[in-house]
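A short write-up of the structure that comes next.
Coordinate-derived values only; no laboratory data. In this text, all values refer to a predicted model and were calculated from it rather than measured experimentally. We place every Cβ from the backbone using ideal geometry, glycine too, and count neighbours over all the protein chains shown.
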Amino acid sequence: MNHQSQPDARSDPLSSEASEQQYSPVLQAQDAERYRLLAEMAEQSTDMISRHTPGDWRFIYASPAVTHLLGYDVEEIIGLSAYDLYHPDDVADFDNRSPSVSYERGLYTHTYRFRCKNGHYTWLESTSRSLRDPDTGELQEILVVSRDASRRIETEQANQRLARVLERSSDLVIFVDPEKNVTYLNEAARNNLMSDHQTLADISLSQLLSANDYQRLMDEGFTAVHDGLRWHQELEMQGAERKIPVLLELLAHQSLPEKQEYYSLVARDLSEIRAAQAELKRYQAEISHASRLIAMGELASSLAHELNQPLTAIVNYIGGIRRRFSGQAQLSWKDLQFPMEKIDGTAMRAGQLIRSMMDFTRKQEVRKQSLILKDVVQDLMEFCQASADKHHVTLLNEIKDPDWVVMADRIQLEQILLNLVMNGIEACSQLNNTSAQDSVPASYDAPVSDGSDIDHQCIKSEPKAQVVLSAQAAGGVLEISVSDLGPGLPVDNPDQLFEHFFTTKEKGLGMGLAISRSLAEAQGGQLTAENRAERGACFRFSLPLSS
Ligand code: ADP
């Protein structure tokens with residue numbers, strides 16, 4: 001920078017010419033002793049000591065520390081104007097102050113950036129003093145002591161950044177002195193905790209918290225941090241306009257050098273989180289209510305569908321009894337015992353079905369218990385037998401292993417298997433030559449086949465269709481298969497069958513498989529469908545084995 005362009009700063013009556021006069025040999029001799037002592041000290045000092053002409057601040061002397069601080073040799077810097085080495089941003093600042101340096105107080109400290117030999121700027125803190133002729137009072141030169149201020153400035157800048165972060169933090173930050181007086185509130189804390197007319201002096205910790213929370217902070221919090229622990233707690237702060245739920249963290253700090261403890265409280269406003277949690281809870285309650293309503297709707301449809309089976313079975317058994325009565329004048333109880341027991345059992349089961357479905361709508365939890373699969377399937381086969389007979393379908397039960405114990409809700413497990421078996425029977429009946437219109441069962445006392453006697457004598461017509469229940473266990477999972485010899489799946493993508501209301505039946509509801517899959521998942525299982533390689537469909541239902 002050309003010093004000529006800074007007339008105000010250097011409107012020193014001592015021009016460079018005057019300066020030369022000023023440094024006459026006479027004057028130098030007068031000050032020789034003083035300079036000699038000064039020079040000795042300067043040579044040793046790690047601070048840079050320099051002397052400058054008053055007008056343009058040219059170096060007329062620099063101590064050896066100049067090399068360490070700025071990278072110049074002493075000889076190199078002599079004659080250079082300090083103005084040419086100031087950081088451009090600091091020149092104006094320096095210009096504004098320099099009159100006071102030279103002509104008013106005569107001594108001041110200044111922090112600024114100065115260009116090193118390598119072109120980089122370093123922060124210097126300089127104390128300048130003007131030296132005047134003791135007789136005339138005329139300004140002779142400026143004596144400057146400079147030291148590296150980079151580390152201090154960097155620390156200050158880092159502190160300022162931290163202070164800005166603290167001030168702008170969305171958390172409420174409160175500083176408290178050793179006597180627990182509030183000494184600082186950041187912007188968020190001021191906005192939330194102080195009313196317009198309050199000042200910091202009006203604020204006390206006790207008024208920022210409820211009586212209970214304040215007591216906890218005093219008794220537990222300050223004691224804990226005093227022992228070097230962090231203390232945090234969910235509390236409620238008393239804001240200027242509302243109560244604020246916060247997660248409050250208390251920290252203790254030690255001031256230097258007195259080693260006095262002071263404290264910071266950082267409070268995270270939980271209002272939004274709490275509001276979101278409340279919203280989520282409301283939402284979950286709505287979802288749960290909605291899903292109960294859907295389930296109720298599904299169950300109502302399913303109920304109609306499934307009740308049809310026991311009612312048909314009861315009608316069939318009664319038809320059988322009627323036929324027996326019509327042929328014989330006298331019948332003993334023994335003759336009626338079996339169909340009557342069947343009617344009784346079937347009616348009970350229908351009642352149980354209704355009860356369990358009502359339970360399901362009331363209470364959504366799955367009531368799992370250890371179930372011996374063989375027993376569940378055996379009961380089910382009996383239940384389905386009448387329908388199988390009606391459609392001339394053979395039911396084969398290959399599930400015999402008494403060790404297969406599953407954890408499941410019995411009613412739901414029966415519901416799933418019932419759906420699959422009934423669908424299998426219906427699928428087979430499509431291919432069966434026997435008329436589907438025949439409402440008379442082949443025989444009300446037809447026993448359940450165990451697979452070893454498919455051509456059982458009680459099955460009047462040769463079955464052209466079969467539904468087979470089998471299972472296999474592997475890796476803690478039991479896979480139950482219900483396969484049939486029907487026409488196979490009506491779609492390429494088996495998942496379509498599990499969509500609500502998908503049906504290919506004239507009077508179908510299209511709900512059975514959808515409900516079965518959701519029930520299977522509620523048991524921790526899976527339900528899938530596929531075509532068998534030879535003919536027909538296979539539904540696989542996997543369940544965790546009970547350990
Ligand atoms: P619905 O029996 O009322 O139609 P489901 O959900 O039980 O309702 O079955 C949906 C559809 O899946 C049936 O209409 C049928 O097309 C098909 N389906 C189910 N089981 C079988 C099966 N064993 N073989 C072939 N198709 C089947």
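Structure notes:
- As a proxy for reagent exposure, ranking 218, 511, 407 by other Cβ atoms within 10 Å from fewest up yields 218, 407, 511.
- Taking other C-beta atoms within 10 angstrom as a stand-in for reagent exposure, 72, 86 fall in the order 72, 86, fewest first.
- Residue order, fewest to most surrounding Cβ atoms within 10 angstrom, among 205, 172: 205, 172
- Residues whose amide H comes within less than 5 Å of that of residue 108, counting only those at least five positions distant or on another chain, are 128 (H built at 1.01 Å from N in the peptide plane).
- Among the listed pairs 368/400; 334/368; 180/243; 400/507; 342/400, those whose Cα-Cα separation exceeds 32 Å are 334/368; 400/507.
- Converting phi to 3J(HN,Hα) with the Karplus coefficients 6.51, -1.76 and 1.60 and the offset θ = phi - 60°, region 217-223 yields 4, 5, 6, 8, x, 5, 5 Hz in sequence order, with x at every glycine or proline.
- From phi via Karplus (6.51, -1.76, 1.60), per-residue ³J(HN,Hα) for region 234-248 in Hz, x at Gly/Pro: 7, 9, 10, 9, 9, x, 5, 10, 7, 7, 10, x, 9, 9, 9
- For region 65-213, a Kirkwood radius taken over Cα pairs fed into Stokes-Einstein (4 °C, viscosity 1.567 mPa s) yields D = 66 µm²/s.
- Put simply, when 488-494, 247-253, 379-385 are sorted by average Cβ atoms within 10 angstrom per residue, most first, you get 379-385, 247-253, 488-494.
- Here's how it looks for residue 477: its modeled amide H is under 5 Å from those of 545, which are all 5 or more places away or on a different chain.
- Amide H contacts of residue 239 (H built 1.01 Å from N, in plane; Pro and chain starts excluded): 244 sit under 5 Å, all sequence-distant by 5 or more or on other chains.
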